[in-house]
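A.B. asks: I have a structure here, written as structure tokens, and I will follow up with some questions on it.
The values are calculated or read from the model by the stated rules, or taken from the named source; none is laboratory data. What you are looking at is a predicted structure, and each value in this text was computed from that prediction instead of being measured. Neighbour counts are summed over all protein chains in view; Cβ atoms, including those assigned to glycine, are modelled from backbone coordinates with ideal geometry.
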Amino acid sequence: MRPVVSKVTRWGLVAVLAAVTMVGLWAVGVRAYRGLLVANFTSISPWGLWLSLYIYFIGLSAGSFLISSLVYVFGVKRFEPAGRLALIQAFGCLLIGLMMIAIDLGRPERFYRVITNWNSSSVLAWEVLFYIAYMAVLGVEIWILLRPDFHVLSRKASWRWARKLYGMFAFADPDEDLKRPTPQNSFFLWALAIAGIPLAIGVHGGTGMIFAVVKARPYWYTGLFPILFIISALVSGGALLTFLAAFFLPMEKEKKLPLVKGLARLTAYILLADLSLLAIESFVALYGDVPDHSTPYLMILTGPFWWVFWFVQILGGSVIPLFLILGPGRNRVKWLGVATAMIVVGIVGVRLNIVIPPLQTTWAGGLPAEYHSSLTTMEGYVPSLNEWITSFGLMALGVWGFFLVRKILPLRPVDLEKET
Amino acid sequence: MESDSKKPRWGFLIDLRRCIGCHSCTVACKAENEVPLGVFRCWVKTVEVGRYPRVRRMFLPQLCNNCENPPCVAVCPVEATWKREDGIVVVDPHKCIGCRYCMASCPYGVRYLHPTMNIVEKCHWCVHRVERGLRPACVEACPAGARIFGDLNDPDSGISRMLSLNPIQGLKPDLGTGPQTFYIGMDNRLVEEEETS
């Protein structure tokens with residue numbers, strides 16, 4: 001594959017990434033040692049950046065899984081080359097999302113209690129079951145898909161230990177030739193892909209439900225909320241998949257354009273649906289003007305962080321990418337990649353605006369400003385330095401993970417990879 | 001409320017006509033429950049109304065409502081918080097995983113994150129004192145006698161008599177949480193207007 005950037009730039013980027021990872025891991029250590037004191041949470045605003053990123057990555061995961069089901073359930077041939085990438089991306093994003101929630105928990109070492117003290121009336125407890133089942137389905141589905149490649153690699157890989165490892169994962173007789181599984185010839189693949197659809201919808205619709213059932217925060221307390229979550233998950237998942245396919249999927253250039261173009265268009269249409277839902281929801285809230293419901297919207301549109309909505313979410317995350325995808329960039333892989341990367345970043349704004357504003361504006365019962373937190377006398381919540389550094393560190397870990405996966409897992413079937 | 005039941009069903013009443021805004025309850029609670037710096041289990045909101053020279057200060061002491069139908073209990077993923085038979089909602093510090101879902105779900109903002117233990121805590125009407133036949137620390141400390149704690153199941157208890165003789169208000173009754181902290185003489189402005197510092 002032709003390198004996207006020059007060698008010097010590439011090593012520069014790797015150095016930056018390494019620095020971010022190291023500082024990030026140090027900050028994770030500080031967070032582990034000092035507890036939640038390092039975060040700027042307050043009594044009325046108990047959730048912040050980490051939780052926003054958690055729902056962001058869970059959304060990325062569920063969205064890319066649902067797009068993979070186009071290939072493995074509905075047999076859309078056009079997206080077939082991106083199928084594996086979608087599944088691997090879904091798995092990776094799920095892991096980053098779970099790391100975000102682990103760092104957000106006050107006592108992460110007690111996480112097992114969600115199983116041992118499972119509370120059937122808690123949406124969050126149900127969600128954990130969904131995550132476990134979803135992770136299992138994803139893992140097995142990826143394994144079934146990659147098994148023939150592991151088998152080939154167990155004979156072809158350059159190092160002995162690598163051959164051994166691939167052989168272990170191939171789990172097959174070395175002399176036997178494994179058939180490449182497709183939804184048509186492998187019942188398991190088809191069944192898992194189908195089982196994954198309600199799971200992925202449950203995983204992210206359920207994450208939306210965590211918020212939607214909170215009657216104390218009228219901004220969240222609407223039936224549209226879980227649906228908005230799923231739609232914006234599809235947007236972010238589709239956008240990340242398009243971006244990764246555009247820049248990192250080993251493929252012939254002529255074959256790549258139709259794939260990337262198709263994915264980008266699909267993402268653009270879902271983004272339009274997402275924006276319509278957002279418009280409906282905010283119109284209802286602002287027209288009704290019930291203070292608890294409309295104030296968060298006013299805060300998003302005109303509050304101190306108005307630019308997150310107008311610049312990150314709308315201009316950079318929607319208007320410019322839509323223009324590029326549907327207009328002048330529509331036949332250029334690179335432009336489509338850049339446009340979808342912008343959508344991926346824009347959805348971060350969506351997630352921040354879901355979590356933080358309604359927690360700033362709810363009736364605090366007169367808790368005076370200096371009562372809000374032991375650490376900050378600031379009105380309201382702004383993520384602390386540690387929250388930012390740890391978040392970037394964990395995301396950088398995800399990028400390393402992707403590089404590693406690209407090296408050791410065949411993103412395209414090995415025999416096809418040879419052609420490029 | 002079953003009046004014939006022998007078991008106690010605790011309730012809390014604050015008579016705002018008597019409150020002088022001295023914050024004794026806040027201080028007593030802090031001392032009794034070792035509440036860390038910066039967070040509170042009970043506090044007093046102050047609102048100034050009227051225009052000079054006709055002005056008045058009103059006070060709204062707040063604490064956990066120990067709701068009849070507590071949203072915090074429903075959402076806890078690990079059953080770390082529950083409602084006891086006597087109506088008090090408690091948190092088990094050994095079970096809480098610190099996810100803070102209960103804090104996001106509480107319409108009254110009475111839960112807080114313990115800054116060093118990293119778990120959620122709240123007012124439990126001094127359950128450790130109540131179990132020994134004592135009154136909550138804030139009730140004991142109130143110099144104006146504005147805070148009344150007692151058994152709602154006992155028709156002769158002080159709180160039952162006050163509740164039957166006076167018009168009663170509660171916070172956010174429309175949410176269906178059934179707050180068990182009642183108020184006498186609550187003015188809408190106390191809820192609607194900003195705290196005056």
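A.B. asks: Would you check if B:Ile159 is aliphatic (A, V, I, L, M), over 14 Å from the mean Cα position of the chain (by Cα) and over 18 Å from B:Leu63 (Cα atoms)?
C.D. replies: Values: aliphatic (A, V, I, L, M): yes; over 14 Å from the mean Cα position of the chain (by Cα): yes; over 18 Å from B:Leu63 (Cα atoms): no.
The answer is no for B:Ile159.
A.B. asks: What helices (runs of 4 or more DSSP H), lying completely within region A:289-403, carry at least 3 residues that are modelled with pLDDT of 95 or more and surrounded by 15 or more Cβ atoms within 10 Å (Cβ to Cβ)?
C.D. replies: Values: elements: A:291-302, A:320-326, A:333-361.
Result: A:320-326, A:333-361.
A.B. asks: Of the residues B:Lys7, B:Lys30, which single one is within 28 Å of B:Gly158 (Cα to Cα), part of a helix (DSSP H, G or I) and more than 10 Å from every other protein chain (Cβ to nearest Cβ)?
C.D. replies: Working: B:Lys7 fails: part of a helix (DSSP H, G or I).
Testing whether each residue is within 28 Å of B:Gly158 (Cα to Cα), part of a helix (DSSP H, G or I) and more than 10 Å from every other protein chain (Cβ to nearest Cβ) leaves just B:Lys30.
A.B. asks: Can you tell me which residue is surrounded by the most Cβ atoms within 10 Å (Cβ to Cβ) among those in region B:82-104 that are in contact with a helix residue (DSSP H, G or I) (Cβ under 9 Å, 6 or more places away or on another chain) and more than 10 Å from chain A (Cβ to nearest Cβ)?
C.D. replies: B:Val89
A.B. asks: Next question, about the same structure. For B:Asn69, work out the one condition from (1) more than 9 Å from chain A (Cβ to nearest Cβ); (2) outside any strand (DSSP E or B); (3) under 21 Å from A:Thr42 (Cα atoms) it doesn't fulfil.
C.D. replies: It is condition (3) that B:Asn69 fails.
A.B. asks: Right, another one. If you take the residues in region B:140-197 that are at pLDDT below 95 and hydroxyl-bearing (Ser, Thr, Tyr), which one is surrounded by the most Cβ atoms within 10 Å (Cβ to Cβ)?
C.D. replies: The residue in question is B:Thr196.
A.B. asks: When you go through (1) in contact with a Pro (Cβ under 8 Å, 6 or more places away or on another chain); (2) assigned to a helix (DSSP H, G or I); (3) crowded, with 19+ Cβ neighbours inside 10 Å; (4) more than 9 Å from chain B (Cβ to nearest Cβ) one by one for A:Asn40, which number turns out not to apply?
C.D. replies: That leaves (2) as the condition not met.
A.B. asks: Turning to a different aspect of this structure: Given the structure, is B:Arg135 within 30 Å of B:Asn166 (Cα to Cα) and either of a type in the set (Val, Ile, Thr) or within 14 Å of another protein chain (Cβ to nearest Cβ) (or both)?
C.D. replies: Numbers: within 30 Å of B:Asn166 (Cα to Cα): yes; either of a type in the set (Val, Ile, Thr) or within 14 Å of another protein chain (Cβ to nearest Cβ) (or both): no.
So B:Arg135 fails the test.
A.B. asks: Out of region A:106-124, which residues are assigned to a helix (DSSP H, G or I) and either touching a helix residue (DSSP H, G or I) at 6+ places or on another chain (Cβ under 6 Å) or away from every other protein chain (no Cβ under 12 Å) (or both)? Steps first, answer last, please.
C.D. replies: Keep residues of region A:106-124 that are assigned to a helix (DSSP H, G or I), which gives A:108-110, A:113-116, A:123-124.
Selection gives A:Pro108, A:Val114, A:Val123, A:Leu124.
A.B. asks: What number goes with the only condition from (1) surrounded by 24 or more Cβ atoms within 10 Å (Cβ to Cβ); (2) touching a strand residue (DSSP E or B) at 6+ places or on another chain (Cβ under 9 Å); (3) modelled with pLDDT under 95 that B:Trp125 does not pass?
C.D. replies: (3)
A.B. asks: Within region B:104-135, work out how many residues are without any contact (Cβ under 8 Å) to a residue 60 or more places away in the chain and within 21 Å of B:Arg9 (Cα to Cα).
C.D. replies: Within region B:104-135, the first condition is being without any contact (Cβ under 8 Å) to a residue 60 or more places away in the chain, and the residues that meet it are B:104-106, B:109, B:111, B:117-120, B:127-128, B:131-135.
Adding the requirement that they be within 21 Å of B:Arg9 (Cα to Cα) leaves B:127-128, B:131-135.
The qualifying residues number 7.
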